[in-house]
Amino acid sequence: VPVLVRGGGKADDLGVLQRTSEIMSQGVRGLVYGRNIIQHPNPAGMTRALMDIVHTGAGAEEAAKHLAV
């Protein structure tokens with residue numbers, strides 16, 4: 001059964017990316033994020049960072065490179 005995880009409350013960038021990496025390693029099939037993307041100063045960069053973790057298995061620190069302005 002595919003499992004999707006909700007993003008939870010507002011968190012700092014590295015916290016979001018670390019949590020995402022951890023839950024993906026536990027077999028989750030996808031994520032549903034809201035405020036941690038929509039309210040981010042760089043929503044496109046945060047989306048790319050999360051996609052890097054979900055689709056390529058990148059770690060949080062590696063994915064954070066997408067947040068550089």
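Readers should treat all values here as calculations from the given coordinates under stated rules, not as data from a laboratory. This is a predicted model, so every value here is computed, not measured. Here Cβ is always computed from backbone atoms with ideal geometry, including for glycine, and neighbour counts include all displayed protein chains.
Roughly what would the spin-label model give for residue 44 and residue 4, points 7 Å off Cα along C-beta, in nm?
Here the modelled spin labels are 2.5 nm apart.
Mind pulling up the Rg/Rh value for the chain? Radius of gyration and Kirkwood radius, both on Cα.
With Rh from the inverse mean 1/r over Cα pairs, Rg/Rh is 0.93.
If you line up the long axis of helix 13-24 against the longest principal axis of the chain, both from Cα atoms, how many degrees apart are they, to the nearest 10?
So the helix axis and the longest Cα principal axis differ by about 20 degrees.
Explain nothing, just the number: dipole magnitude of the range 4-67 about its Cα centre with +1 on each Lys and Arg Cβ and -1 on each Asp and Glu Cβ, in debye rounded to the nearest 20.
On the way: 7 positive and 6 negative charges, 57 e Å.
Result for the range 4-67 is approximately 280 debye, rounded to the nearest 20.
Would you grab the residues whose amide H sits under 5 Å from the one on residue 5? Only those 5+ places off in sequence or on another chain, please, with H modelled 1.01 Å from N.
So residue 5 has HN proximity to 30, 31, 32.
If I fit a long axis through the Cα atoms of helix 43-56 and take the longest principal axis of the Cα atoms of the chain, what angle between them do I get, 0 to 90°, rounded to 10?
Orientation of helix 43-56: about 30 degrees from the principal axis.
Please give the FRET efficiency for residue 32 paired with residue 68, using the beta carbon to beta carbon distance and R0 = 35 Å, rounded to the nearest 0.05.
0.85
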